[in-house]
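The values are calculated or read from the model by the stated rules, or taken from the named source; none is laboratory data. Small disclaimer: the values here were computed from a predicted structure and weren't measured. Positions of Cβ are backbone-derived with ideal geometry, glycine not excepted, and every protein chain shown enters the neighbour counts.
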Ligand SMILES: [Zn+2]
Ligand SMILES: [Zn+2]
């Protein structure tokens, strides 16, 4: 066994050992902090409600953040941990993601603070229909009158407020106010609004109809390609090969990783701020401007690490229960 395989086996053993224990009692955040990482992973895999609570608290998903210009027509109007992007155009704006259900008023305030009118938002888009990215859709739709576009595979989730979402169906905290979908998207579809053009690549895995969005803008005579990557990460508790979370999930992840590996963006904007060094880039942008957001190497590393993590998850599943 190589080192990776040994680690995978060790993780799988710990998963088995702590899985049963995790279902019996819910540890506090302090107790989780004191646990070794493999045990934390096992506990969270067995308890999605706790996973949500831990992420929400430690990554400050519900806390206000300073809105800021990113690059070209793109602005950040999200919370501390969750990215919400306002993409402004000559014929109206597009809002990408809306944070948790209660974050609508925070996003609205950020949009107004930057001097934009929420009523000019014509489209509500998202990377995928989990509560942390579409929780505020209902609020924003009522406020703006914008149309909601979602991948065909996630229309049911969006219109039922999260019902039927694999791994999270009926789990406390994962539901949100249902929203009617106005446009059903398929792979390669384009949202056009005045001078804005966003292409949807359906990249499933993390959710069944995750979308990676791509757009371009021109600034200072240069064309910049922007990618909003989605779909590549498996959450704790996802089953890829054995008793899969949904039929075809392994192939979906492999295709998605391949698609993401083929893209060569200048700028990549993730839906979770910590995964793209948002704070560091924003700080550097104060003097460097758009250049601070240009990060092709960071994108390549992010996809490579998502791929390695995926293979490790598959290996851990394959070796679970073996050699006993
Ligand atoms: Zn998600
Ligand atoms: Zn998320």
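Has the stretch 309-319 got at least one residue that is surrounded by fewer than 18 Cβ atoms within 10 Å (Cβ to Cβ) and within 16 Å of ligand 2 (Cβ to nearest atom)?
Among the residues of the stretch 309-319, at least one is surrounded by fewer than 18 Cβ atoms within 10 Å (Cβ to Cβ) and within 16 Å of ligand 2 (Cβ to nearest atom), which makes the answer yes.
Inspect the stretch 158-176 for any residue being more than 14 Å from ligand 2 (Cβ to nearest atom), at pLDDT 95 or above and part of a strand (DSSP E or B) and give the result as yes or no.
no
Out of (1) surrounded by fewer than 16 Cβ atoms within 10 Å (Cβ to Cβ); (2) under 25 Å from residue 169 (Cα atoms), the odd one out for residue 301 is which?
The one condition residue 301 does not meet is (2).
Here is a check on your reading of the model: is residue 180 closer than 30 Å to residue 112 by Cβ, over 18 Å from the mean Cα position of the chain (by Cα) and assigned to a loop (DSSP other than H, G, I, E, B)? Show your work before the answer.
On the way: closer than 30 Å to residue 112 by Cβ: yes; over 18 Å from the mean Cα position of the chain (by Cα): yes; assigned to a loop (DSSP other than H, G, I, E, B): yes.
The answer is yes for residue 180.
May I ask you to list the residues in the stretch 296-324 that are free of Cβ contacts under 8 Å to residues at least 40 places away in the same chain and in a loop (DSSP other than H, G, I, E, B)?
324
Assigned by TED's automatic domain parsing to the domain that holds residue 70, within 13 Å of ligand 1 (Cβ to nearest atom) and modelled with pLDDT of 95 or more: which single residue out of 232, 138, 152 fits that description? Break it down stepwise before answering.
Details: 138 fails: within 13 Å of ligand 1 (Cβ to nearest atom); 152 fails: within 13 Å of ligand 1 (Cβ to nearest atom).
Criteria check complete, one pass: 232.
Conditions tested, residue by residue: (1) surrounded by fewer than 22 Cβ atoms within 10 Å (Cβ to Cβ); (2) free of Cβ contacts under 8 Å to residues at least 60 places away in the same chain; (3) away from ligand 1 (no atom under 15 Å from the Cβ).
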position: 67; (1), (2), (3): yes, yes, yes
position: 87; (1), (2), (3): no, no, yes
position: 92; (1), (2), (3): yes, no, yes
position: 96; (1), (2), (3): no, no, no
position: 101; (1), (2), (3): yes, no, no
position: 105; (1), (2), (3): yes, yes, yes
position: 109; (1), (2), (3): yes, yes, yes
position: 120; (1), (2), (3): yes, yes, yes
position: 126; (1), (2), (3): no, no, no
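Please go through the stretch 260-295 and give me each residue that is within 16 Å of ligand 1 (Cβ to nearest atom), farther than 15 Å from residue 71 by Cβ and not in a helix (DSSP H, G or I), ordered by number. Talk me through it step by step, then tell me what you get.
Filtering the stretch 260-295 down to residues within 16 Å of ligand 1 (Cβ to nearest atom) leaves 260, 269-276.
From what's left, farther than 15 Å from residue 71 by Cβ: 260, 271-275.
Matches in the stretch 260-295: 271, 272.
Looking at the stretch 219-252 only, could you name the residues that are surrounded by 23 or more Cβ atoms within 10 Å (Cβ to Cβ) and within 16 Å of ligand 2 (Cβ to nearest atom)?
Hits for the stretch 219-252 are 228, 229, 230, 231, 232.
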